[in-house]
Structures are given as C-alpha cells and as structure tokens.
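Below you'll find the structure, written out as structure tokens, and then a few comments.
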Amino acid sequence: MLVAQDGSVATITLSRPERKNAMTVEAWRSLRETFGALQHDDSVRAVILTGAGGDFCTGADMERRDSTHPLDRMREINATALAVAEFSKPLIAQVEGYAVGAGWNMALLCDVVVASRTAKFSQIFARRGLSVDFGGSWILPRLVGLHQAKRLVMLADIVSAEEAYDLGLVTELVEPDALAGRAAELAARLAAAPPVAVSMSARMLEQGSSLTLREALENEARSQAINHATDAPDAMRAFVEKREPSFTGGWRVPRPVDTPS
C-alpha cells in the first residue's frame with residue numbers, strides 16, 4: 001500500500017502489481033487503517049484510490065490462503081468495505097485495467113469513478129463458486145436496478161468500460177493517457193469544495209432511497225443549519241463581493257465567554 005500527498009489531495013495506490021493488486025487479509029487491514037489515518041488528517045481534503053501496474057484491483061487473492069476462518073476473513077473484508085463507504089472526504093476511484101469482484105465493488109463504493117476506456121469490469125464471484133460481496137448486494141441494485149444487478153452478478157460476464165459507463169457504473173470515461181490527470185483535476189476541485197457541505201450531501205444522497213420524503217427534507221434542513229454555521233456565510237459574502245470563497249469547514253459560531261461567578 002503506497003500513500004502519496006500532493007497539496008490537499010492524497011493518493012492511495014494498491015501495490016501488488018504481480019497479482020493485479022489482489023488483496024490479502026493483511027492488505028484489506030492495511031487499506032482500512034490507511035483510510036482511518038487519512039480520515040483524521042486535516043491536511044487531506046480529497047483522496048484518489050488507484051492500483052499499480054496498469055490494473056485497479058482483482059478482489060481477494062484466491063491463491064493466498066491461510067488458517068483464518070472464512071467468517072473472520074469476511075469480517076476483515078467487510079470492515080474495509082465500511083471504511084471505504086463511510087469515508088467522509090471525497091473519494092475518487094481511478095480505474096484502469098481490471099476491476100473485478102471486490103475490486104469493482106470497492107470502486108463503486110467511492111464517490112466518483114473515473115475509468116480508462118480500456119478498463120474491464122466483472123462481478124466475477126460466480127465463476128469462483130462464490131456469491132457477491134464487498135457491498136455489491138447493496139450498491140448494485142441502487143445503481144442499476146434489480147434485474148441488471150442480477151445479470152451482472154449471476155452471469156459474471158466481463159463488462160467493457162463503455163457498457164459500465166452506459167449502465168451508470170462509471171462517472172467518467174477518459175483515454176488511458178488522460179486518466180491520472182483527470183482524476184487529479186477532479187480531486188483538486190473536490191478538495192477546494194466546502195468539506196462539511198459536500199460530505200453531508202454525499203451521505204444524504206446515499207440514504208435518500210431508504211427514507212421517506214419527510215425524513216429526507218428534515219435531513220436537508222439540519223444540514224443547511226450546520227452549513228449556515230460553517231462555510232455558507234463566507235460563500236454568500238463572496239458572492240456579493242464578487243470573489244471566490246475560501247472553504248475551510250471551520251465552525252464559525254463563537255464560543256460563549258466564560259463569566260465570573
């Protein structure tokens with residue numbers, strides 16, 4: 001696992017290119033710990049997740065077996081899936097080559113998926129005698145509907161980048177030599193966005209399909225109240241003053257002054 005930082009953007013690179021970045025139990029744990037560290041690093045405002053050697057990730061390493069009980073192994077994987085899905089800063093999957101199995105679902109749990117036109121995807125589990133995991137049973141029906149999700153999972157076909165884009169499973173398609181630059185450009189824009197507002201919007205969108213309209217509206221009201229005590233006042237002044245706002249995510253409500261008893 002490699003981590004590099006350029007300004008307020010961090011890049012996590014899965015680094016087992018000889019195995020197309022297939023993940024061991026140790027690698028899942030390391031990735032989870034990396035997300036935990038970046039979550040609490042105030043100098044990081046956005047993160048790119050990618051793979052080394054021309055591939056994104058081919059899921060769990062099926063050739064690397066140990067004495068870990070399968071249930072314990074899946075709990076390690078599930079904890080990492082939650083770390084990806086619940087990461088509160090903007091997260092971009094930069095995908096080239098193969099993204100299959102848990103590797104594809106890991107990309108889908110990111111906020112934005114930027115893929116090379118030569119990328120290939122598969123819910124490959126059935127070919128290995130397995131059922132879908134890493135949150136695929138949750139995220140796929142939300143993105144493509146039940147029947148398309150069943151087709152992708154039950155047939156386990158290799159899907160081209162063009163088809164994945166047409167299904168809404170890729171945010172942007174770019175030429176291979178433009179992939180890293182486009183991911184960096186989007187990350188820089190997201191890093192400059194209002195961090196609290198953007199994070200709350202992402203979570204509300206994720207939760208919206210399971211809420212009533214009344215519940216969703218109440219979430220929006222609470223979020224706007226928080227924004228008015230965070231970055232919204234400066235953004236409104238910047239609009240009036242015809243300048244660019246500076247979004248810090250800082251809490252702008254003054255603390256009460258202690259009074260002598």
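The values are calculated or read from the model by the stated rules, or taken from the named source; none is laboratory data. Since the structure is predicted, the reported quantities are computational estimates derived from the model, not experimental observations. Note that each Cβ is placed from the backbone with ideal geometry, even for glycine, and that neighbours are counted across all protein chains shown. Just so you know, the surface numbers come from the protein's heavy atoms only, side chains and all, with ligands and any DNA or RNA stripped out. Shrake-Rupley method; radii C 1.70, N 1.55, O 1.52, S 1.80 Å.
Taking the stretch 89-104 only, how many residues are open to solvent by less than 40 Å² (accessible area, probe 1.4 Å) and more than 14 Å from residue 22 (Cβ to Cβ)?
Going through the stretch 89-104 one residue at a time, the tally reaches 7.
Inside the stretch 56-73, can you point out the residues that are hydrophobic (A, V, I, L, M, F, W, C) and within 20 Å of residue 110 (Cα to Cα)?
Correct list: 56, 57, 60.
All of 173, 140 fail the test of being part of a strand (DSSP E or B) and open to solvent by less than 30 Å² (accessible area, probe 1.4 Å), apart from 173. I'd like to check something: does the stretch 181-198 contain any residue that is over 20 Å from the mean Cα position of the chain (by Cα) and at pLDDT 95 or above? No, the stretch 181-198 contains no residue that is over 20 Å from the mean Cα position of the chain (by Cα) and at pLDDT 95 or above.
Looking for something part of a loop (DSSP other than H, G, I, E, B) and not acidic (Asp, Glu) - is there at least one such residue anywhere in the stretch 183-190? Within the stretch 183-190 (the criterion being part of a loop (DSSP other than H, G, I, E, B) and not acidic (Asp, Glu)), the answer is no, since none of the residues qualifies. Only a single item in (1) more than 14 Å from the chain's Cα centre (by Cα); (2) modelled with pLDDT of 95 or more is not met by residue 26, and it is number (2). Which residues, counting only those in the stretch 224-245, are assigned to a loop (DSSP other than H, G, I, E, B) and either among the charged types (D, E, K, R) or closer than 18 Å to residue 190 by Cα (or both)? If the condition is that a residue be assigned to a loop (DSSP other than H, G, I, E, B) and either among the charged types (D, E, K, R) or closer than 18 Å to residue 190 by Cα (or both), then 230, 231, 242, 243, 244, 245 are the ones that fit. Does residue 203 meet the test of being open to solvent by 60 Å² or more (accessible area, probe 1.4 Å) and assigned to a helix (DSSP H, G or I)? No.
The residue of the stretch 206-241 that is farthest from the chain's Cα centre (by Cα), among those that are loosely packed, with under 13 Cβ neighbours inside 10 Å and in contact (Cβ under 8 Å) with a residue 12 or more places away in the chain, is 209. Within the stretch 22-44, the set of residues being part of a loop (DSSP other than H, G, I, E, B) and out of contact with any helix residue (DSSP H, G or I) (no Cβ under 7 Å at 6 or more places or on another chain) comprises 22, 24, 40, 41, 42, 43.
Of all the residues in the stretch 207-254, those that are in contact with a helix residue (DSSP H, G or I) (Cβ under 7 Å, 6 or more places away or on another chain) and hydroxyl-bearing (Ser, Thr, Tyr) number 4.
Taken as a whole, the structure places residue 63 among residues that are out of contact with any His (no Cβ under 8 Å at 6 or more places or on another chain) and at pLDDT below 95. Number of residues in the stretch 38-64 that are more than 15 Å from residue 9 (Cβ to Cβ) and open to solvent by 60 Å² or more (accessible area, probe 1.4 Å) equals 5.
Does the stretch 143-162 hold any residues that are assigned to a helix (DSSP H, G or I) and within 16 Å of residue 120 (Cα to Cα), and which are they?
Across the stretch 143-162, the qualifying residues are 152, 153, 155, 161, 162.
Just checking, which of 150, 120 is out of contact with any His (no Cβ under 7 Å at 6 or more places or on another chain), of a type in the set (Lys, Arg) and crowded, with 19+ Cβ neighbours inside 10 Å? 120 is the lone residue from the list that is out of contact with any His (no Cβ under 7 Å at 6 or more places or on another chain), of a type in the set (Lys, Arg) and crowded, with 19+ Cβ neighbours inside 10 Å. Considering only residues in the stretch 124-137 that are of a type outside the set (Phe, Trp, Tyr) and assigned to a loop (DSSP other than H, G, I, E, B), the one that is farthest from residue 85 (Cα to Cα) turns out to be 129. Got at least one residue in the stretch 26-37 being without any contact (Cβ under 8 Å) to a residue 60 or more places away in the chain, open to solvent by 20 Å² or more (accessible area, probe 1.4 Å) and hydrophobic (A, V, I, L, M, F, W, C)? Yes; the residues of the stretch 26-37 include at least one that is without any contact (Cβ under 8 Å) to a residue 60 or more places away in the chain, open to solvent by 20 Å² or more (accessible area, probe 1.4 Å) and hydrophobic (A, V, I, L, M, F, W, C).
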